[in-house]
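Here, each number is a calculation from the coordinates, and none is a lab measurement. Only a predicted model underlies this, so the values are computations on that prediction, with no experimental measurement involved. As a convention, Cβ positions derive from the backbone with ideal geometry for all residues, glycine included, and neighbour counts pool all protein chains shown.
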Amino acid sequence: MPTTVVPARPAPGSSSGSSTAADPAGGPAAGELTDLLTAVLDGHRPELRRALREAFRAEWFGPDAADEPLDLEARRARTLERLRGFAGSGLTRIGFPPEHGGTAHEGRADLSGSVIVYEMLGLGDLSLMVKAGVQWGLFGGAVQALGTERHHRAYLPGILDGSLLGCFAMTESGHGSDVQRLRTTAVYDPATEEFVVHTPEPTARKDYIGNAARDGRVAVVFAQLETRGEAHGVHALLVPLRDDDGRPVPGVTIGDCGPKGGLAGVDNGRLSFDRVRVPRTALLDRYAAVASDGTYSSPIDSANRRFFTMIGALVRGRVSVGGAATSAGKVALTIAVRHALRRRQFPGPDGTETLLLDHPAHRRKLLPALARTYALSFAQDEVAALVGTAADEAGRRRLEYLAAGLKATATAHAVRTVQTCREACGGAGYLAENRLPVLRGDVDVFTTFEGDNTVLLQLVAKGLLTDHRHHLGELDALGTARAVAGQVGGLLAERIGARSLVRRVREAVPGRTRAALLDREVQLALLADREQHVLEGLARRLSRGRGSTQGAAEVAAAAQEHMLAAARAAMDRVAAESFARAVERAEGPARGVLSRLLDLHVLATIEADLAWFLVHDRLDPAAARVLGSLVDDLCAGVRRDARALVDAFAVDDAWAAAELLTD
Ligand SMILES: Cc1cc2nc3c(=O)[nH]c(=O)nc-3n(C[C@H](O)[C@H](O)[C@H](O)COP(=O)(O)OP(=O)(O)OC[C@H]3O[C@@H](n4cnc5c(N)ncnc54)[C@H](O)[C@@H]3O)c2cc1C
């Protein structure tokens, strides 16, 4: 149970007490508060984030001029040019082993630093972010994480300096989310000591592959490995795609996915292989090897566990995508909030025209989204800090489900936020010169790639259930059912703690409901209690399917919505707790401002799932009414610091690149 205690806050709607009251006309906000807020947002790697902001002043950063009529080829060429600029900056080296040209942090490859680089690339051109993510995160990351010394020596120098451009070819036309069932084959031929990589049917064609249509020279191809007549599941191999002149090598057919809903600068393509032969050493053999005579060996016995270990080794890509999406949301909010502090519509009671942000409905549109963006930023920073540090199986599993959950939550929020900001800017928001429509097109697919969000949330639920079982010890079915019903030791204590805090709202004497809802412990308990309740119900439900594989599959299928609810509830709790820890780190006036923003975040989150809290008797209708008016008041309170809160994202004017912000 979280027990974060936050110092007393100014009442919602009152002044922050800071020196900052942002200029209501949208002029520059007082710097002190902005700097203090940025310091909290910079999280565990402030120097790196500051250095990146400086490095991003380079020509290769910043969005494409979206209103400039460029054809697809010109946009792709420009993104490649920017990619070369990024490679030249040396930032691509962060995250790779120092002995192969990477930069060390605390004596080892700086994996968590690399996540921050890609997160912050999301403040600029998302085509560059995605193309770079494919090159160094997915392609380079796979060579590093799945390959061994000989692959690192042979490939990493060219990957790092950008002279060897590559692809990550996992998805097929027939199988995207269900990667274990993909159809491309890699059959070992001991006579020549080669693998034969083949596309046996049209649905086995690799699809949507970044860098494939134009620039990639080599791909990490995921295929079903077969040796000595035995299938061993999905493995990754390095397969050449193009020769030095850029022509497809014999046996490789390359197609172009053509124009997309966004990310115009990324050359997504399709790959088919007609019995392409690659040497035995092309297998990325960290988790499984094939000897020259075809003998297969792996330190991991179970094919299933081996597969998930390989996928788990690629976790940083997933964390990076979530971070970049949150950055895109920050750009959109910077544009929309600043616009709302300049534009006026309709006279108010005093006859002067009202700023958009002084319309309560407009505040409701933007400020809860702003609060959630802060929450997800803080959670992102904590998860980024975990990348590359997990010491044991439980730590790795936890990182994997947090990465999946945060990716799903952050990308869904970013897509909603960019759309909200587009609408919040009215007609101007629809013009390409104001960045938002392009940003919306670019960020849209973040909900799908690096794992479809719905599929990822199911992984989160499974991870939570596994943790839950470990928490309870290895109990038999009956024991688990009893335990999840809240009848054992520590769990019961936790549960009672959360429930008694939650009851404070129901049992508050008239007039004290607001105070109860503003109590930080109560707020966090409301979210923790919902998560626990949903998860326990899910565990009970799934335990009914035990005993037969078919029964378990049927029960699990019927419980999909329940799994999604458990995952979402868990991620809401995770984000709110990260936010509460960030409030404690905040100094000076930033603490009160963030504390109020956290109030808004938690209460708006509860309001968004009000039906659950009412149906499960955590709130009664009277408390629900108080909650609604409190959210309104908190929006009014946060509005005073809105300019400082968006300025703290440190989105340079050149990166926001919206005409409507210029005079
Ligand atoms: C622009 C772009 C770039 C990409 N880049 C790459 C790349 O470089 N390399 C690469 O390998 N791949 C890449 N991809 C592929 C991407 O990873 C896949 O599109 C993604 O994994 C989803 O797979 P799918 O498209 O086959 O969708 P599907 O798996 O067919 O999913 C379609 C829908 O069905 C739902 N669904 C599927 N399974 C379940 C389930 N079990 N329960 C409930 N709902 C379910 C999903 O939620 C989704 O709404 C890219 C895709 C795009 C669009």
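In units of the rule-of-thumb radius 2.2 N^0.38 Å, segment 44-95 shows an alpha carbon radius of gyration of 1.36.
Using just its DSSP H runs of length 4 or more, each adding -39500 (n - 2.57), the chain gives a mean residue ellipticity at 222 nm of -17000 deg cm²/dmol after division by all residues.
The amide H of TYR208, built 1.01 Å from its N in the peptide plane, has GLY269 as neighbours under 5 Å, considering only residues 5 or more places off or on other chains. Taking a ≥ b ≥ c as the square roots of the eigenvalues of the alpha carbon gyration tensor, segment 520-639 is prolate, as a/c is not under 1.5 and a/b beats b/c.
In order along segment 41-48, phi translates into HN-Hα couplings of 5, 5, x, 7, 10, x, 5, 4 Hz, rounded to whole numbers, per the Karplus curve 6.51 cos²θ - 1.76 cosθ + 1.60 with θ = phi - 60° and x for Gly and Pro.
Ranked by the mean number of other Cβ atoms within 10 Å of their residues, highest first, the peptides 364-375, 631-642, 603-614 fall in the order 364-375, 631-642, 603-614.
The relative contact order of the chain, computed from alpha carbon pairs under 8 Å that lie at least 6 residues apart in sequence, is 19 percent.
An oblate overall shape is assigned to the chain, the ratio a/c of its alpha-carbon gyration tensor axes (a ≥ b ≥ c) being 1.5 or greater and a/b not exceeding b/c.
The phi-based Karplus calculation (6.51 cos²θ - 1.76 cosθ + 1.60; θ = phi - 60°) puts the 3J(HN,Hα) values of segment 451-464 at x, 4, 4, 5, 5, 5, 5, 5, 4, 4, 4, 5, x, 5 Hz, whole numbers, x for Gly and Pro.
The amide H of ASP125, built 1.01 Å from its N in the peptide plane, has GLY62 as neighbours under 5 Å, considering only residues 5 or more places off or on other chains.
Rounded, prolate or oblate for segment 46-189? Axes are the square roots of the Cα gyration tensor eigenvalues, ordered a ≥ b ≥ c, and the cut-off for rounded is a/c under 1.5. Cα axes put segment 46-189 in the oblate bin. Of the peptides 102-112, 315-325, 266-276, 406-416, the ranking by mean beta-carbon count within 10 Å, highest at the top, reads 315-325, 406-416, 266-276, 102-112. The packing ranking, built from the mean of other Cβ atoms within 10 Å per residue, places the peptides 308-314, 587-593 in the order 587-593, 308-314, highest first.
A cut-off of 5 Å between modelled amide H atoms, ignoring neighbours fewer than 5 places along the same chain, links ILE94 with THR103.
Taken one residue at a time, the phi angles of segment 262-269 give Karplus couplings (6.51, -1.76, 1.60, θ = phi - 60°) of x, 6, 4, x, 9, 8, 7, x Hz. Gly and Pro are set to x. Note: relative contact order over segment 498-537, using C-alpha pairs below 8 Å and six or more positions apart, is 48 percent. Taking a sphere under 14 Å around the Cβ of ARG277 and counting the other residues whose Cβ falls inside, with K and R at +1 and D and E at -1, yields a net charge of -2.
For the chain, lysine pairs with C-alpha atoms less than 29 angstrom apart, excluding pairs fewer than eight positions apart on the same chain, total 14.
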